[in-house]
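All remarks here apply to the structure that follows.
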Amino acid sequence: MRRLILFLFLIAAISLLMACGTTEEPAEATATSPAVEEVAETPTMAATATPAETATTITIAETPTTEPTAEAPATPTVVPTVTATSEPTATEAMTPTTLADVSTIGLQLVAEGFTSPIALMEAPDESGRLFVADQIGQIRIISADGELMGEPFLDIQDRMVDVNEDYDERGLLGLAFHPDFASNGRFFVYYSAPLRAEASQGWNHTSHISEFTVSTDNPDTADPNSERVLLQVDQPQSNHNGGQIAFGPDGYLYVPLGDGGEANDIGLGHVEDWYDVNSGGNGQDLAQNLLGSILRIDVDNEGANGTAYAIPADNPFVGQAGAEEIWAIGFRNPYRLSFDIGGDNALFVSDAGQNLWEEVSMVESGGNYGWNVKEASHCFSTASPNASLPECPNEDADGRALIDPIIEYQNANASGGLGLVVIGGNVYRGSMLPQFDGLYIFGDWSRAFDPGDGSLFVAMPPDEGGMWVMQELAVAGNESGEPEAASGRLNAFLLSFGQDNDGEMYVLTTDMIGPAGNTGKVYKIVPPES
Ligand SMILES: [Ca+2]
Ligand SMILES: [Ca+2]
Ligand SMILES: [Ca+2]
């Protein structure tokens, strides 16, 4: 009986996250019912309709702590060639990392007491300060000696919508320091403001990209009166707002925008695109709105038409039919993005899937990443979102390829799924865990809604072509934790990742489904034995 109640609660909660739009709308009760049916059907659909698809996806090697009797944790077909024992000892230092070398990490608590910590980064100066953005509208500082400072660096709660403590995808969602912050004190935030007067009636809120500057007399305080709103984007629904903004190695600011919200990329504020099989299509549309895209703007110059930012001359749609701010299209909810601070500085974007698949893409100029034609590498159907279509186009109406993700895994709505929402991370470039160098560490928000059951994953580029190989990452010391004995998982909701200037990584969690309370924690990823 208890399992049944939990199951029903899970279904109701999933419909809240995946299908419903504005949670405060009175239509919630009617919107929930069909979603309940859909979700309840998911396990059988996935089991009977997609065996072929399942077989082509990456193999998830169970971590040794989860299943001591499991076969080799590394997937044999994809593990890089291991140096043979007959090789001279001189080459031992060159032995490539295998998945078996990267199955476990340790987590060291750095700071706690946050509500909903959603971004962490080190200022690009010599101060050694870590900045933590909290969804409720505050930016806090962890000093170089590890102290969480009491006074916020910035508090913009009074400029935001009131976030719903039960669940909300709005709030302060992104923070980025100007590359020359040490000399110019400029930084940028992405947050959800109340709907502006000129927006379409009945829409939900207006996303702001704003610039602030640090106070002239106190480096630990921003000047609250320095706000300069660079970009406003009206949002038809409360959810799918993207979030993490970042400067690329080119000095331009990248801004991820979701498809506008609700589910399926249809409904109020969702335009029609070139693909008639599926309704809606802010993700595929280039010209009618900026939703469903990654933008790239120049914050150091003003636009010719009076905008507070300029368009980089090499943006892919300059002089074309699409909006010139757009860098890439085809996203549902690109909540987290990051640039590799080493290697080729690739841009990694996690895109939260709907009912079946979660994905991470490596994003390039002018790329089309598929939504709502595809959910990860699978053909999406707005009419039957719990069953992938057997086929769909491989390119859009302009001949652009629909680019598959580098990583995908099944949503926990389906049996065997690993979680409900992918949380993008970073390419590890630190020195504390050298075996992780060049690997992408990311995770999933939770497998269920109560209690939080977030996961950490690690992915490795394949030898040649195809998707990256991923596996779960066990947290040392959590092997006997709740909710599942020997899970090795976080035992909390995973909200985000951060990276400092040394390339070390951080994990941001909370015990709450929504932005409430003070259970938010920041951990540093450390070797398991430390
Ligand atoms: Ca369409
Ligand atoms: Ca669009
Ligand atoms: Ca995609």
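Side notes on the structure shown:
- For the stretch 324-376, averaging the sequence separation of C-alpha pairs within contact (under 8 Å, six or more residues apart) and dividing by the residue count gives a relative contact order of 40 percent.
- Euclidean distance between Cα centres, the stretch 306-364 to the stretch 143-173, Å: 25 Å
- Across the stretch 245-250, computed HN-Hα scalar couplings (Karplus, 6.51 cos²θ - 1.76 cosθ + 1.60, θ = phi - 60°) run 9, 7, 7, x, x, 8 Hz from first to last residue, x flagging Gly and Pro.
- Electrostatic bookkeeping for Thr509 treats Lys and Arg as +1 and Asp and Glu as -1; over the other residues with beta carbon under 10 Å from its beta carbon, the sum is -1.
- When Met362, Met505 are arranged by Cβ crowding within 10 Å, least crowded first, meaning fewest neighbours, the order is Met362, Met505.
- Hull-based mean projected area of the stretch 159-233, where the convex hull spans the alpha carbons, in square nanometres: 6.1 nm²
- Close amide H pairs (under 5 Å, H built 1.01 Å from N) link Ile423 with Gly443, Asp444, Trp445, residues at least 5 positions away or on another chain.
- Relative contact order, percent, the stretch 439-530 [alpha-carbon distance under 8 Å, six or more residues apart]: 21 percent
- Sorted fewest first by neighbouring Cβ atoms within 10 angstrom, Ile105, Ile341, Ile329 come out as Ile341, Ile105, Ile329.
- Rounded if a/c under 1.5, otherwise prolate or oblate - the stretch 232-342, Cα gyration tensor axes: prolate
- Taking θ as phi - 60° and the Karplus parameters 6.51, -1.76 and 1.60, the scalar couplings of the stretch 378-395 work out to 10, 6, 7, 10, 5, 6, 9, x, 9, 9, 5, 6, x, 8, 6, x, 9, 8 Hz in sequence order, x denoting glycine and proline.
- Residue-by-residue Karplus 3J(HN,Hα) for the stretch 283-292, coefficients 6.51, -1.76, 1.60, Hz, glycine and proline x: x, 8, 6, 9, 10, 7, 7, 8, 5, x
- Dividing the convex hull volume of the alpha carbon atoms of the stretch 438-515 by its residue count gives 116 Å³ per residue.
- Across the stretch 339-443, the mean sequence separation of Cα contacts (distance under 8 Å, 6 or more residues apart), normalised by length, yields a relative contact order of 27 percent.
- Near the amide H of Val526, within less than 5 Å, lie the amide hydrogens of Gly106, Leu107, Gln108, all on another chain or at least 5 residues away, with H placed in the peptide plane.
- For the stretch 103-163, the extents of the C-alpha atoms along the principal axes are 39, 31, 20 Å, listed from largest to smallest.
- Around the amide H of Gly283, modelled in the peptide plane, lie the amide H atoms of Asn372, all under 5 Å away and 5 or more residues distant in sequence or on another chain.
- By the beta-carbon count within 10 Å of each Cβ, the least crowded to most crowded order of Tyr167, Tyr440, fewest first, is Tyr167, Tyr440.
- By definition, a body whose alpha carbon gyration tensor gives a ≥ b ≥ c is oblate when a/c is 1.5 or more and a/b is not larger than b/c, and the stretch 362-425 fits this oblate description.
Each reported figure results from applying straightforward, stated rules to the coordinates on display, with no laboratory input. Because the structure is a prediction, the values reported are computed rather than measured. Here Cβ is always computed from backbone atoms with ideal geometry, including for glycine, and neighbour counts include all displayed protein chains.
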